[in-house]
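Report on the structure given below.
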Amino acid sequence: MDGVIAKNVYGKYHVPGDLSHRPAVKRVLSGKVYEPETIAFMRAHAGEGDIVHAGTFFGDFLPGLSKNMADGARIWAFEPNPRSYQHARETIKLNGLMNVTLTHAAVSEASGTVQLRTHSSGGEALGGLSHVRSGIEGDPGFVSVDSIRLDDAVPDDRHVSIIQLDVEGHELSAVLGAGAILHRCKPILILEAFERKHWIRRQFGSLGYEHLGAIHSNHIYAVPEAAVDLDLHS
């Protein structure tokens, strides 16, 4: 598989070199960290629990998170794009990450299959911008991929501290598939471009989730007992 090896302070990465125009790829190829404040927040608040990380792309978050996890804790990573999944597998191997479980699937409210747009109508690879949509019959830009509920993917005996979703508009469906985890663990939610305070209250109001602000474009929701005290910008 084609790819370029890049490094930053957290480790090594198997990067899709032909996507060097994408922000995450560009940052890592230049030796920098993509979304450093988000990674720092997750490292600071994972505690003794597991992290769910959906929208793994080539694994740009994995080394920074993995090496800071508590003993026995795991990262449950998900990537539906077949090519990005392979890059993420190589990133895991390059860093010898033993506490990461990577699943080739989209997270959703139902287990089954979904249509994933991996290429634009002009044939350009979308990489981290791949997204779940209803495919047009015969459109080569779509592939059928497995979907899975987080409640089915993460064992019931695991304590989850953080659920972080960067799934290109599929966050609502992914959160609905994690209802049991939310009720059992009350994890911090980090949802990319998802400022849906009222929806979170309607769905999980009994749990007391509050919108605390955003890091980069990632909106943070937490319950009061999570004691998230960083001064986030809204």
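The values are calculated or read from the model by the stated rules, or taken from the named source; none is laboratory data. Predicted model, so just to flag it, every value in this text is computed and none were measured. Note: ideal-geometry Cβ built from the backbone for every residue, glycine included; neighbour counts use all protein chains shown. Just the protein is used for accessible areas: all its heavy atoms, side chains included, with ligands, DNA and RNA removed. Shrake-Rupley method; radii C 1.70, N 1.55, O 1.52, S 1.80 Å.
When only residues in region 143-164 that are more than 15 Å from the chain's Cα centre (by Cα) and β-branched (Val, Ile, Thr) count, which is nearest to Thr56 (Cα to Cα)?
Val145
Met98 passes all but one of (1) at pLDDT below 95; (2) closer than 21 Å to Val154 by Cβ; which number fails?
With (1) at pLDDT below 95; (2) closer than 21 Å to Val154 by Cβ applied to Met98, the lone miss is (1).
Kindly indicate which of Phe194, Phe204, Phe142 is under 20 Å from Gly49 (Cβ atoms), hydrophobic (A, V, I, L, M, F, W, C) and at pLDDT below 90.
Phe204
Would it be correct to say that Arg74 is out of contact with any helix residue (DSSP H, G or I) (no Cβ under 6 Å at 6 or more places or on another chain) and over 30 Å from Glu225 (Cα atoms)?
Criteria not met by Arg74.
Taking region 210-229 as the search range and keeping residues that are in a loop (DSSP other than H, G, I, E, B) and modelled with pLDDT under 90, which one is least open to solvent (accessible area, probe 1.4 Å)?
That would be Val228.
Being modelled with pLDDT of 95 or more and under 15 Å from Ala222 (Cα atoms) is the filter here; which residues of region 153-177 pass it?
The answer is Val160, Ser161, Ile162, Ile163, Gln164.
Within the group Ala54, Ala44, Ala24, Ala40, which residue is free of Cβ contacts under 8 Å to residues at least 12 places away in the same chain and under 28 Å from Pro187 (Cα atoms)?
Answer to the check: Ala40.
Given the conditions (1) free of Cβ contacts under 8 Å to residues at least 60 places away in the same chain; (2) in contact with a Pro (Cβ under 8 Å, 6 or more places away or on another chain); (3) under 17 Å from Asp166 (Cβ atoms), and given that Leu97 satisfies all but one, which numbered condition is not satisfied?
Unmet condition: (3).
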